[in-house]
Amino acid sequence: MRYYVTTPIYYVNGEPHLGHAYTTIAADILARFHRQKGDDVFFLTGTDEHGTKIAQAAEARGLTPREHVDEMAPKFKDLARRLDATNDFFIRTTDAEHEAFVQGFVEKLKAAGDIEKRTYGGLYCTACEGFWYERDLAPDGTCPDHGIKPTWLEEENYYFLLSRYQDRLAGFFRANPGWVRPQSRYNEALSFIEQGLEDISISRRSITWGVPVPWDPEQVIYVWVDALINYLSALEYARPGETLRDRWPGTHLLAKDILKFHAVIWPALLMSAGYEVPAGEFIHGYLLMGGEKMSKTRGNVLDPFAVMDTYGIDALRFYLFREVTFGQDGVISMEGFEQRYTNELANELGNLVSRTVSMIAKYRGGEIPRPAAPDAETLATVAAEGEAMVAGAAAHLDDVEITAALETVWDFVRRLNRLVEEEAPWKLAKDEAQAGRLDAVLHGLAAGLRVVALALHPVIPGSAAEILRRLGQPHADADLRLETAVWDALVPAAVEVAPPLFPRIERTG
Ligand code: MSP
């Protein structure tokens, strides 16, 4: 199976923040999970570098747009790397190959007869890089996403005849109810379509920072059209000498702020240019801090770099998807983060690993014992639960339910902790008659932790590999395949006692 997953390409008008990290981590979780299933995965992320917003940001810094984007894009690239994201390519819309592809794409729209020159006036929000209908603005006339007043913009531009696609889009939506998920976002997009689509301007005369319209170099292509096309253009040049065209259609991840562009305009552009529409779109919610959406424009951002420096990237990856149900808005805070870190990562998972390894060291000379006990009925139940956990978590990830997958895994982590309490290996160790039972329990804990590590790999890859390593289990990419996540695949091996996986952090601030 092929699996092509994308994040939005991020605006480089400011520093990368946790909101950007969030979608990139989500896409990485899905990419890693699909690799575990043996799928041929292509994972794309990158930066959106043209348009008014970027030109203005550059000007404010006294730089040319080119100087500005060349300085900012590496920061986003670096963020992806530090998040442990396994993206196969990082696209920049200022790549010459992308720009050429965009021009070819709009030529196709023109050849289809879907482009017209017209004068249009509308309320334009620079932060959105989009027009608003008056009916969709907040009661005080501000942009509901950015809280700023859109300004009237009027130009003679090239128009894409979006209205022509109204029926086709509505028909497509009705025939594909799961195409946009969650359902609430599907309903929102469909109702937007049903309210009537107006043609959209796809070029700008007033700015120069963009891709020139091929038949009229006085104008540049509208930044959103330029940006959306990245999902296709990257496939042409991500791997030199090879086209990945057959990876299309892909699955898009994005937040609800850019739903309309992805679920309405993008499929219409694709239909017009003769491409398949995306395979599906998953729309997640906003990370909120202090009750508001985090955004550069609002200035209420949590610095992902600072959190990672202190706690490690896995802790951040875990927290975001454990705390906020993927698909819904959710409040995050440093206090909430520290609580989950201590209670769940350090205590429930980290301690379980430490205890298991140190008990195997202490009672069995550091070798995972082979299970021999005929009386270990409890262990057979735990084994079945462990394998059911893997299947359950995988089914959730197949449905992009990342938080539900984590819940399934965590129930089982807690089950293993209960096993330790119930069986009290330290008591069994004192009674020679219980040697077989102790073997079974220690083996069960190691086997349980092994399947936990495999199930957690997509979310906390570094820690999962470390758990496997401490248990003496193979942990190269090829060893992480989901089909090996069965109880009996535990290899008898020597364990390694090591410092806590998630050390306690003294608060400094
Ligand atoms: N450049 C456009 C996207 C073009 S895609 C063809 C853009 N860029 S952006 O930098 O503003 O990024 C928006 C995306 O970043 C959101 O859709 C979401 O994926 C992510 N997020 C930004 N802030 C976020 C939160 N506070 N919460 C959740 N996601 C956030 O729009």
Query raised in the report: When N counts the residues of region 128-206, how does its alpha-carbon radius of gyration compare numerically with 2.2 N^0.38 Å, as a ratio?
Result: 1.28
**Report entry** Per residue accessible area of the chain, 1.4 Å probe, in Å²
**Finding:** 40 Å²
Query raised in the report: Straight-line reach from K430: which aspartates and glutamates have a Cα under 14 Å away, not including same-chain ones fewer than 8 places off?
Result: D439
Report summary line: Rounded to the nearest 10 degrees, the helix 166-175 long axis (Cα) sits at an angle to the longest Cα principal axis of the chain of 20 degrees
Query raised in the report: Under the classification rounded if a/c is under 1.5, otherwise prolate if a/b is larger than b/c and oblate if not, where does region 92-136 fall, given a ≥ b ≥ c as square roots of the Cα gyration tensor eigenvalues?
Result: oblate
Report task. Using the structure shown, list the pairs from K37/K108; K110/K256; K37/K77; K53/K110; K108/K260 with a Cα-Cα distance above 25 Å, or answer none. Result -> K37/K108; K110/K256; K37/K77; K53/K110
Query raised in the report: Based on the Cα coordinates of region 1-111, what is the per residue volume of their convex hull in Å³?
Result: 110 Å³
Requested in this report: Provide the percentage of antiparallel DSSP beta bridges, counting only those with both residues in the chain; round to the nearest 5.
Outcome: 50 percent
**Report entry** Compactness of the chain as Cα Rg over 2.2 N^0.38 Å, two decimals
**Finding:** 1.10
Query raised in the report: Does anyone have the angle between helix 96-111 and the longest principal axis of the chain? Alpha-carbon axes, 0 to 90°, nearest 10?
Result: 60 degrees
Query raised in the report: Which shape class applies to region 305-402: rounded if a/c is under 1.5, otherwise prolate when a/b exceeds b/c and oblate if not, where a ≥ b ≥ c are the square roots of the Cα gyration tensor eigenvalues?
Result: oblate
Query raised in the report: So how do 241-252, 458-469 stack up, highest first, on mean other-Cβ count within 10 Å?
Result: 458-469, 241-252
Report summary line: At the level of C-alpha centres, the distance separating region 437-490 and region 30-106, in angstrom, is 35 Å
Report task. Give the carbon-plus-sulfur fraction of the accessible surface of region 384-509 in %, rounded to a whole number; probe 1.4 Å, heavy atoms of protein chains only. Result -> 52 percent
Query raised in the report: Taking K149 as the anchor, which aspartates and glutamates have their alpha carbon closer than 14 Å to its alpha carbon, excluding any fewer than eight residues away along the same chain?
Result: E129, E134, D136, D140
Report task. Express the Stokes-Einstein translational diffusion coefficient of region 350-406 in µm² s⁻¹, to the nearest whole number, given a Kirkwood radius over alpha-carbon pairs, 4 °C and a viscosity of 1.567 mPa s. Result -> 94 µm²/s
Query raised in the report: For region 57-207, rounded, prolate or oblate, judged on the Cα gyration tensor with a ≥ b ≥ c (square roots of eigenvalues), a/c < 1.5 rounded, else prolate if a/b > b/c?
Result: rounded
Query raised in the report: Applying the Karplus parametrisation 6.51 cos²θ - 1.76 cosθ + 1.60 with θ = phi - 60° to the phi angles of region 45-61, what ³J(HN,Hα) value in whole Hz is obtained for each residue in order, glycine and proline being reported as x?
Result: 9, x, 10, 9, 10, 9, x, 4, 4, 6, 4, 5, 4, 5, 4, 4, 9
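The values are calculated or read from the model by the stated rules, or taken from the named source; none is laboratory data. Predicted, not measured: the structure shown is a model, and the values here were computed from it. Every residue, glycine among them, receives a Cβ derived from its backbone with ideal geometry; neighbour counts consider all protein chains shown. Each accessible area value is taken on the protein alone, full model and side chains, heavy atoms only, with ligands, DNA and RNA left out. Shrake-Rupley method; radii C 1.70, N 1.55, O 1.52, S 1.80 Å.
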